[in-house]
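Input: a single structure, listed below in structure tokens.
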Amino acid sequence: MSIASEALRSPKLRIALGAIAAWALFQLWLTIAAPAKISPELKGASEKVNVQIELPFTPERFHVLAFQQYGRVSGTDEHSIELRGVKRTDLNAVARPYWVTAVGPIKEGG
């Protein structure tokens, strides 16, 4: 028997490979799901946009700090964060976290 076939029989290695595969599938799902969360209203010619990020919960300090790398946080609401000056190239990165439900233009009055 070769070392590779013996290693594949190891339950520890199979569990580790299963965990790595699950993590890779989760990352792939996040990448595929991100564009569907972005509103078509954000299409346009300008380089930067102002967005409202919808969350299924009240945003906390962690969430605000996570989005500050993409633009200026101008406020939070019960279930959203307003982010100004976001580059269009960063919209997929903003929508990628699993806890983001939608990314759209800032609502009137906001």
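The values are calculated or read from the model by the stated rules, or taken from the named source; none is laboratory data. The structure presented is a predicted model; accordingly, all values stated were derived computationally and were not measured. Note that we place each Cβ from the backbone using ideal geometry, even for glycine, and neighbour counts take in every protein chain shown. Only protein heavy atoms, including side chains, enter the accessible area calculation; ligands, DNA and RNA are left aside. Shrake-Rupley method; radii C 1.70, N 1.55, O 1.52, S 1.80 Å.
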(request) Exactly one condition in (1) modelled with pLDDT under 95; (2) open to solvent by less than 90 Å² (accessible area, probe 1.4 Å) is not met by Glu41; state its number. (result) (2)
(request) Give the residue that is farthest from the chain's Cα centre (by Cα), with candidates limited to residues of the stretch 9-38 that are of a type outside the set (A, V, I, L, M, F, W, C) and open to solvent by 50 Å² or more (accessible area, probe 1.4 Å). (result) Arg9
(request) For the stretch 85-96, state whether one or more residues are assigned to a helix (DSSP H, G or I), acidic (Asp, Glu) and open to solvent by less than 60 Å² (accessible area, probe 1.4 Å). (result) yes
(message) Pull out all pairs, ordered by first then second residue, where Cβ-Cβ is under 7 Å, the residues are six or more apart or on different chains, the first lies in the stretch 1-27 and is free of Cβ contacts under 8 Å to residues at least 40 places away in the same chain, and the second is among the hydrophobic types (A, V, I, L, M, F, W, C) and assigned to a loop (DSSP other than H, G, I, E, B).
(response) none
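Tell me the residue from Ala22, Ala45 that is more than 19 Å from Thr101 (Cα to Cα), assigned to a helix (DSSP H, G or I) and among the small types (Gly, Ala, Ser), please. Spell out the reasoning first.
Numbers: Ala45 fails: assigned to a helix (DSSP H, G or I).
Going through Ala22, Ala45 in turn, just one is more than 19 Å from Thr101 (Cα to Cα), assigned to a helix (DSSP H, G or I) and among the small types (Gly, Ala, Ser): Ala22.
Can you tell me which residues in the stretch 54-72 are in a loop (DSSP other than H, G, I, E, B) and touching a residue at least 24 places away in the same chain (Cβ under 8 Å)?
First, pick out the residues of the stretch 54-72 that are in a loop (DSSP other than H, G, I, E, B): 55-60, 68-71.
Once the filter is applied, which keeps residues that are in a loop (DSSP other than H, G, I, E, B) and touching a residue at least 24 places away in the same chain (Cβ under 8 Å), the stretch 54-72 yields Leu55, Pro56, Phe57, Tyr70.
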